[in-house]
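Quick notes on the structure that follows.
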Amino acid sequence: MRSERSAEGGGALWGGRFASGMAPEMEALNRSLDADFRLWREDVRGSRAWAGALLGAGVIDGQEHRALTEGLSRVAERLQAGIPEGATDEDVHTLVERLLTEEAGTVAGKLHTGRSRNDQVATDLRLWGMDAAAALEEQLAGFAGALIDLAEREIDVILPGYTHLQQGQPIRAGHWALSHAWAILRDIGRVRRAGRQAAVLPLGSGAIAGCPFPVDREALREELGFHALSENSVDAVGDRDWSAELIFAGALIGIHLSRLAEDLVIFSSHEFSFVEIGEGYTTGSSLMPQKRNPDVAELARAKVGRLVGNLTGVLTLLKGLPAGYNRDLQDEKILLFDTADALALVLPALTGAVQSLRFRGDRIAERLSSELLATDLADALVRSGVPFRESHEIVGGWVREAEKRGVSLADLPAGITGRWGGAVSGPALEEIFDWERSVEARSVDGGTSRGSVLSQIRHARSRLPAAPT
Ligand code: ARG
């Protein structure tokens, strides 16, 4: 059944060529106000700029321009309070225009001259995306900063470095923390680049063919803070690449967060007890009184599902769309909003958790097995001239022998290893079994010695975006 277009149709902007109203179930599908209301500030900003462009083009006079801009200010005041009670408008653009009509009268009908919702929504969303990218960059910077601080705080702790989740070689806890920080620093770069891609102005593209009035797009660009003008109106109304890039950056951030989360879940387990997450970031069990669960990490890990889902969603949505604007794009923004919202929720919590993190040096020391230094032993033999392949074989034999005897590598009797002692011109084999010596030996750039980690900390800090003033 079709409703009367005028009332229930939410004051559609395109009623002229229709004889009857939209079916109510179609109206429900058609309406995007709940999702796109958050673009109201951008819509008002873009509209204000467009009124200026129409003035410059001679479409409206100074008085009309003033009426429109003053009206838009009053609309903005009203929208501060949220979606107006009982609004049935199709989307935020329709809502703003309806309120403007209430505030400014019939002159409101001139604002849409030469503009289409196609270039309007593309502009609004890009304005939103530029700010969202900047906000995300800031959240990421706070998080990376917390990881760098952690690295500095826990630089003395020596951890087993894991490969395949098997103890590999000793590393400084700070080195581990920085391994996560570097990934986030790369994310900051990706988010910044996506924000830059967003800053291309589509306004002036109209529905598809461009604007027939002599609007000054360059002045619009300047006023709205874009870096460049879109070069092709067909492309401009349908291009959401920048949004897909931001969603991709969000998915990869999620993957990085989930990897840290997994480390934290493992390291905070009873079996490891390497770290303690601050109480404020953990929860108990309603049944088991002893439990303290690393929920912050698990909930962060869980978010990756939707972050990656949004990426799959946006790529699938964009695939196969004919050139120009297609209504599918209305739903695209929901994916972008969801990615930004998920990260805005997770990043502050994870930042707090990292700030609260303490390494338990005592427990970690108990877990360091001397096999972690097998490579150091092989390297010692290399220093006395044994080819590495051979030294690898020899030390492998010692490990096997130690396993057979049920002792650790360090406790293997000198009778076994002694025959090689003479071949070692560097530190005596016993001296090899020293965690500090092992990590300090790795003093290359990017290594795990104190000096290397301290210089990483300096470099990482210098890569953090400056705090906004
Ligand atoms: N709400 C729409 C969107 O988000 C606005 C554009 C509608 N354009 C159109 N030709 N129906 O994409």
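Structure values in brief
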read-out	value
Most to least packed among 46-57, 115-126, 274-285, 164-175 [average Cβ atoms within 10 Å]	115-126, 46-57, 164-175, 274-285
Rg over Rh, two decimals, the chain (C-alpha only, Kirkwood Rh)	1.16
Under the Karplus curve 6.51 cos²θ - 1.76 cosθ + 1.60, θ = phi - 60°, whole-Hz ³J(HN,Hα) for region 163-171, x wherever Gly or Pro sits	10, 6, 6, 10, 4, x, 9, x, 9
Ordering of 306-314, 356-364 by packing [mean C-beta count within 10 Å, highest first]	306-314, 356-364
The chain: calculated mean residue ellipticity at 222 nm from DSSP helix runs of at least 4, using -39500 (n - 2.57)	-20000 deg cm²/dmol
Protein accessible area in the chain, 1.4 Å probe - carbon and sulfur %	52
Burial ranking of peptide ranges 91-99, 221-229 (average Cβ count within 10 Å, highest at the top)	91-99, 221-229
Solvent exposure of the chain as accessible area per residue, Å², 1.4 Å probe	47
Net length gained if the chain between ARG461 and GLN63 were fully extended (0.36 nm per residue, minus Cα distance)	138.0 nm
Count of lysine pairs in the chain with Cα separation under 25 Å (8 or more residues apart, or interchain)	4
Amide H contacts under 5 Å for GLY161, placed H, 5+ residues apart	GLY168, GLN169, ILE171
For the chain: relative contact order, % (alpha-carbon pairs under 8 angstrom, 6 or more apart)	16
The chain: DSSP helices with Cα axial extent of at least 30 Å and average Kyte-Doolittle hydropathy no lower than 1.0	241-267
Area accessible to solvent at LYS291, 1.4 Å probe radius, in Å²	70
Calculated FRET value between ASN326 and SER408, using beta carbons and R₀ = 56 Å, to 0.05	0.25
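The values are calculated or read from the model by the stated rules, or taken from the named source; none is laboratory data. For clarity, every value in this text was computed on a predicted model and none was experimentally measured. For neighbour counting, all protein chains shown are included, and Cβ atoms are generated from backbone atoms with ideal geometry for every residue, glycine included. All accessible areas refer to the heavy atoms of the entire protein, side chains included, with ligands and DNA or RNA removed. Shrake-Rupley method; radii C 1.70, N 1.55, O 1.52, S 1.80 Å.
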